Amino acid sequence: MAEISTETVEFPSDGFTVQAFLAKPVTTPAGGLPAVMVAHEWWGLNDHIKDIARRIAQEGYAALAPDLYSRLGHKVTADPAEAASLMESLSSQAALRDLSAALQDLKQRSFVDPQRIGIMGFCMGGTFALTQATHNSDLKAAVPFYGKVPPAESLARLLCPVLYHYGAQDGWVTKQEVEWLRQGLSQHGKPGEVVVYPNAGHAFFNDTRPDAYRKQDAAEAWRRTLHFLAEHLR
């Protein structure tokens, strides 16, 4: 695994200053690093998301996790009621613009290869990751974990390969939505895969939540994710 460094960085978006957590290998190869944006859950940019960014960096990628609550005062919470309120208060359009600004920030960093950038997201962030994949042609790969699926017609606009992870016991994302995604990928001839974990529920990848975490499924999802990122960003 690569030796990494981490820091908090800032970049502009619509006149706002967005903060982000950056993790990257200490050594930059000739041609620059592939990079992955990490979109957080409704809890905010917490230690779990920062740990995921570190893990990605150890695999040889620059990882940037933008604080999508920068406009809301950089909130982080462990309370579901507050998290729901924060997600409700967040403008989806503003969040998508902030993710686009994060991608532009990555492209301009000297250690990043601007032609090899992907996005990964969890829960709320999974929704944004999938939506970004229909909007941003600079993305070369998208890995949404249990995010809501956009309207079926928008899937015709997918601009990069998608690897979607879903726990079949999820109470937030419906099986019908996931079937729309599967059918949309097939109908529109878009490269992608939907992986269903039969005994997992929502947030099964979050190892800070004993109520939701499923170690074996999380390990399999991580293995598949690394293979997918290597295939499309290496």
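Just so it is clear, none of the values below were taken in a lab; they were calculated from the coordinates. Remember, predicted model here, so these are calculated numbers, not experimental data. Please note: Cβ atoms are built from the backbone with ideal geometry, for glycine as well, and neighbour counts cover all protein chains shown.
As a rough guide to protection, the peptides 79-92, 129-142 ranked by mean Cβ packing within 10 Å, highest first, stand as 129-142, 79-92. Only helical runs count toward this figure. For the chain, summing -39,500 (n - 2.57) over DSSP H runs of n ≥ 4 and dividing by all residues gives -11000 deg cm²/dmol at 222 nm. Dimensions of the chain from C-alpha coordinates, computed as largest minus smallest value along each principal axis and given longest first, are 43, 39, 34 Å. Once you reduce the stretch 160-234 and the stretch 59-132 to the center of their Cα atoms, the two points are 18 Å from each other. Annotation: amide H-H contacts under 5 Å for A141 (H modelled 1.01 Å from N, sequence separation of 5 or more, or interchain): I119.
Remark: the stretch 61-73, residue by residue, has Karplus-estimated 3J(HN,Hα) of 10, 7, 10, 10, 10, x, 7, 6, 9, 4, 6, 9, x Hz, where x stands for each Gly or Pro and the curve is 6.51 cos²θ - 1.76 cosθ + 1.60 at θ = phi - 60°.
Annotation for E231 and E82: the two label points, set 7 Å from Cα along the Cα-Cβ direction, are 4.0 nm apart.
Take every DSSP beta bridge whose two residues both sit in the chain; close to 40 percent of them are antiparallel.
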